[in-house]
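The values are calculated or read from the model by the stated rules, or taken from the named source; none is laboratory data. Note that this is a predicted model, so its numbers are computed, not measured. Every residue, glycine as well, gets a Cβ built from its backbone with ideal geometry; the counts of neighbours run over all protein chains shown.
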Amino acid sequence: MTWRGSAAVRFALAAAPFLGAAAILAALFWRIPPERVAAALAEADLSRFFAALIPVSLLYVVLDTGLMTAVLRWFHPPGLRFAEALAVRAVDYLVTLWNGRASQAAMVGTLGRRLGAAAPGSGYWECAGTILFLDLCQRGHLLVWAALGAMALGERSPGQIPAALGIGVAASVLFIAFLRGRLRAAGLGPPRWRLLKTFRSAAPRHYLLVLAWKAPLIAAAALGHSLAVDAFGIEIGPLDLLATLPIIFLAGALPIAVARVGTAQAAWVYFHAADAAASPGGEAGLLAYSLAAHLTFLLANAILAAPFLPSAWRMIIQGGGGRRFG
């Protein structure tokens, strides 16, 4: 491939999420005129909206940071203090406003710099593996809850979702078994890459502990979103949201949109259009809510963690001795 051809492919791959988000939003705004969405936003009770969602964001930051602190102590002893882990998460939340994958790379760079010299076997590659472990657990956590939600929804759940979730859960289990060397009898032994060190070390109890640690977030999110969406004139019960939110979050994680914009909004409208039609806010209120809630969550996380950015900078500057890739 020529240099120009390679550059064109990279540009197309970089532009695809933006084009995907634009296409999905265009379809939504074709169905629900933007002026109606703007009017719904103007009429919303924003004080109630923020009062319901900010505590959820605060709980998310605390539990998310606590989980990172625990995981680093498991696989990179002595790990980090909670405040240091919060500094790493601050980098994550701020860079996520631009690009989720870039935020993971930023965390790897910060952790590799901080832990590379202090903890043997905690260089950049090993830290990258731990971030991938957390990402896999996050998706597995949502898959489990989404499967339960799909069963709770019954006929309201799209026919393809149970099959897709089943494939996702099965693939995750097989992948973990492969990394733990449980498939050697079938001639499938895991490579000895430094990137996979955390996966080789992780026992089933580690995965279960992560799932248990994150479970309160789903319950809190269901209650918070139920109260917050009511501020836009939409009535959705917490139990309904407990079933649909994991699927909405999984839709937001699809790599066909940027900053999870577009796919999550489409999922909100798909699952709760009937609730919106039966409520004063209507579909315009639902779309306005989904956009406002998403933006609020991203910005609130970044603002809550921003005071710890100087600590992250000191970790990068003063960390010293971090191993290079390779």
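Within segment 20-69, track down each residue that is within 30 Å of R81 (Cα to Cα), hydroxyl-bearing (S, T, Y) and either out of contact with any Gly (no Cβ under 9 Å at 6 or more places or on another chain) or without any contact (Cβ under 8 Å) to a residue 60 or more places away in the chain (or both). Of everything in segment 20-69, those that are within 30 Å of R81 (Cα to Cα), hydroxyl-bearing (S, T, Y) and either out of contact with any Gly (no Cβ under 9 Å at 6 or more places or on another chain) or without any contact (Cβ under 8 Å) to a residue 60 or more places away in the chain (or both) turn out to be Y60, T65, T69.
Cβ-Cβ distances below 8 Å connect the following pairs, each with a first residue in segment 183-206 that is surrounded by 11 or more Cβ atoms within 10 Å (Cβ to Cβ) and hydrophobic (A, V, I, L, M, F, W, C), a second residue that is modelled with pLDDT of 75 or more and not in a helix (DSSP H, G or I), and a separation of six or more residues or different chains: F199/R180; A202/R180. Scanning segment 219-243 for residues that are crowded, with 20+ Cβ neighbours inside 10 Å, part of a helix (DSSP H, G or I) and among the hydrophobic types (A, V, I, L, M, F, W, C) yields A221, A222, A228, V229, L241, L242, A243. Check V144 against each of (1) over 16 Å from P246 (Cα atoms); (2) modelled with pLDDT of 80 or more; (3) in contact with a Leu (Cβ under 7 Å, 6 or more places away or on another chain) and name the one condition it does not meet. Of (1) over 16 Å from P246 (Cα atoms); (2) modelled with pLDDT of 80 or more; (3) in contact with a Leu (Cβ under 7 Å, 6 or more places away or on another chain), only one is false for V144: (1).
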